[in-house]
């Protein structure tokens, strides 16, 4: 039996991306557990992969109208009846339905979002970019998008899931959603894992009237809730504790305008390599995770960046319910939880939160140990493989 981890899209081409790091870490862990693993990316981007040396098969789909033509062709020529496909769910389409019609019993999906909500939001954004028209097609598109809220997920999604072997969901909220839209679809909630950092600093960084805070963004999206943090800084006037907020993943040109103050400073560091990020983490006191997932209809999440920060020993500020950290007896001690709304962060509360943690000089070491126990790929890989094996055994033909 071989194990294929499959992506449709360009996620794996940049080794600095969280998705790429997660995928190749999964593959490494599955191999360590005795599985023969091949990672395959069906990509429409002409450029080759950058920033990493991971081995994977890249199949060009730029010449195809439907990338699933290449996927089906690859499966036909490469897949044995005993092989397993772990496929990051690529949103519903006729092509995906065609794929699961033939190979669904060998496919376990990975679900990272509530697909109907995300597709609906994208569809609305696409509509708003269209020039106004009185053509029937424009009016029909408006009714479909804003009145009926119809998407391909509604049209094809349940039929696709019904043919698949099961789904690994990164939150319980997503698992419940998938089961609601397809009764009988087998799911499990397994939160994302965090990579082991290349550098681990267990000693607390010096805390001398300056709180050093980091927020890893990757790109500037509304659901990060950066505005909640920045607007709150503008009303923060504590002269006792200075706030230094570093934003990783965006440039100064992307930073919203913010007033200058003697109480805080905001810097943008652009994109960092994984090793650079690990080195930088050693000097921070606190990390800020996602603050506005409610804007895309999510109450629960398990962001890779939050796991990465906690694996490096940083307590986190969250504006959502974390699948692992918020309910863990050990990890929740290092979570400063704010409500899932658009209210301002209370920076004084964050300062007091860290002051309490820093009274224990071994707190960073304890957090790293707890994160390795609960958030590592090694722990998650066992759960994931057990579930996939159970899906395959249920779909195995009778002897």
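Residue by residue through the stretch 114-132, note down the ones that are surrounded by fewer than 12 Cβ atoms within 10 Å (Cβ to Cβ) and touching a residue at least 60 places away in the same chain (Cβ under 8 Å).
none
Residues checked against (1) part of a loop (DSSP other than H, G, I, E, B); (2) under 23 Å from the mean Cα position of the chain (by Cα); (3) more than 19 Å from residue 301 (Cα to Cα); (4) not assigned by TED's automatic domain parsing to the domain that holds residue 389:
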site: 80; (1), (2), (3), (4): yes, no, yes, no
site: 90; (1), (2), (3), (4): yes, yes, no, no
site: 97; (1), (2), (3), (4): no, no, yes, no
site: 102; (1), (2), (3), (4): no, no, yes, no
site: 109; (1), (2), (3), (4): no, yes, no, no
site: 133; (1), (2), (3), (4): yes, no, yes, no
site: 177; (1), (2), (3), (4): no, yes, no, no
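Pick out the one residue from 209, 154 that is over 22 Å from the mean Cα position of the chain (by Cα), at pLDDT below 95 and closer than 30 Å to residue 369 by Cα.
Of 209, 154, the one residue that is over 22 Å from the mean Cα position of the chain (by Cα), at pLDDT below 95 and closer than 30 Å to residue 369 by Cα is 209.
If residue 182 satisfies all but one of (1) buried (at least 18 other Cβ atoms within 10 Å of the Cβ); (2) free of Cβ contacts under 8 Å to residues at least 40 places away in the same chain; (3) within 30 Å of residue 15 (Cα to Cα), what's the number of the condition it fails?
Of the numbered conditions (1) buried (at least 18 other Cβ atoms within 10 Å of the Cβ); (2) free of Cβ contacts under 8 Å to residues at least 40 places away in the same chain; (3) within 30 Å of residue 15 (Cα to Cα), the odd one out for residue 182 is (3).
What residue, among those in the stretch 262-285 that are surrounded by fewer than 15 Cβ atoms within 10 Å (Cβ to Cβ) and touching a helix residue (DSSP H, G or I) at 6+ places or on another chain (Cβ under 9 Å), is nearest to residue 219 (Cα to Cα)?
270
Taking into account only those residues within the stretch 1-30 that are part of a strand (DSSP E or B) and modelled with pLDDT of 85 or more, which is farthest from residue 44 (Cα to Cα)?
Once the filter is applied, the top-ranked residue is 2.
Output the number of residues of the stretch 134-161 satisfying the condition of being without any contact (Cβ under 8 Å) to a residue 60 or more places away in the chain and in contact with a helix residue (DSSP H, G or I) (Cβ under 8 Å, 6 or more places away or on another chain).
Summing the residues that are without any contact (Cβ under 8 Å) to a residue 60 or more places away in the chain and in contact with a helix residue (DSSP H, G or I) (Cβ under 8 Å, 6 or more places away or on another chain) in the stretch 134-161 gives 10.
Test residue 346 against the criterion of being out of contact with any strand residue (DSSP E or B) (no Cβ under 7 Å at 6 or more places or on another chain), at pLDDT 95 or above and surrounded by fewer than 22 Cβ atoms within 10 Å (Cβ to Cβ), and give yes or no.
So residue 346 fits the description; yes.
All but one of (1) in contact with a strand residue (DSSP E or B) (Cβ under 9 Å, 6 or more places away or on another chain); (2) within 30 Å of residue 123 (Cβ to Cβ) hold for residue 54, so report the exception by its number.
(2)
Residue 99 passes all but one of (1) touching a strand residue (DSSP E or B) at 6+ places or on another chain (Cβ under 8 Å); (2) closer than 21 Å to residue 179 by Cβ; which number fails?
Among (1) touching a strand residue (DSSP E or B) at 6+ places or on another chain (Cβ under 8 Å); (2) closer than 21 Å to residue 179 by Cβ, the lone unmet condition for residue 99 is (2).
Here is a list of conditions, (1) modelled with pLDDT under 95; (2) over 24 Å from residue 264 (Cβ atoms), and residue 305 meets all of them except one; can you say which number that is?
Result: residue 305 passes all but (2).
Inside the stretch 46-63, can you point out the residues that are part of a loop (DSSP other than H, G, I, E, B) and either surrounded by fewer than 11 Cβ atoms within 10 Å (Cβ to Cβ) or at pLDDT below 80 (or both)?
Across the stretch 46-63, the qualifying residues are 46, 47, 48, 49, 51, 52, 53, 54, 55, 62, 63.
To keep it simple, each residue is scored yes or no on (1) in contact with a strand residue (DSSP E or B) (Cβ under 7 Å, 6 or more places away or on another chain); (2) on the phi > 0 side of the Ramachandran plot; (3) outside the structural domain of residue 342 (by TED's automatic domain parsing); (4) outside any loop (DSSP other than H, G, I, E, B).
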residue	(1), (2), (3), (4)
291	no, no, no, no
307	yes, no, no, yes
310	yes, no, no, yes
317	yes, no, no, yes
326	yes, no, no, no
329	no, no, no, no
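State whether the residues of the stretch 89-101 include one that is surrounded by fewer than 14 Cβ atoms within 10 Å (Cβ to Cβ), at pLDDT 90 or above and touching a helix residue (DSSP H, G or I) at 6+ places or on another chain (Cβ under 8 Å).
Yes, the stretch 89-101 contains at least one residue that is surrounded by fewer than 14 Cβ atoms within 10 Å (Cβ to Cβ), at pLDDT 90 or above and touching a helix residue (DSSP H, G or I) at 6+ places or on another chain (Cβ under 8 Å).
For every residue, the table says whether it meets (1) crowded, with 20+ Cβ neighbours inside 10 Å; (2) touching a residue at least 12 places away in the same chain (Cβ under 8 Å); (3) in contact with a helix residue (DSSP H, G or I) (Cβ under 8 Å, 6 or more places away or on another chain); (4) under 23 Å from residue 113 (Cα atoms).
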| site | (1), (2), (3), (4) |
| --- | --- |
| 323 | yes, yes, yes, yes |
| 329 | no, no, no, no |
| 361 | no, yes, no, no |
| 373 | no, yes, yes, no |
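Name every residue in the stretch 111-131 that is over 30 Å from residue 23 (Cα atoms) and not in a helix (DSSP H, G or I), in order of residue number.
129, 130, 131
Within the bounds of the stretch 3-16, is there any residue that is closer than 20 Å to residue 273 by Cβ, buried (at least 21 other Cβ atoms within 10 Å of the Cβ) and touching a helix residue (DSSP H, G or I) at 6+ places or on another chain (Cβ under 7 Å)?
yes
Give the residues of the stretch 215-232 that are under 15 Å from the mean Cα position of the chain (by Cα), within 13 Å of residue 295 (Cα to Cα) and outside any helix (DSSP H, G or I), sorted by residue number.
Of everything in the stretch 215-232, just one residue is under 15 Å from the mean Cα position of the chain (by Cα), within 13 Å of residue 295 (Cα to Cα) and outside any helix (DSSP H, G or I), namely 221.
The values are calculated or read from the model by the stated rules, or taken from the named source; none is laboratory data. Predicted model, so just to flag it, every value in this text is computed and none were measured. Note: ideal-geometry Cβ built from the backbone for every residue, glycine included; neighbour counts use all protein chains shown.
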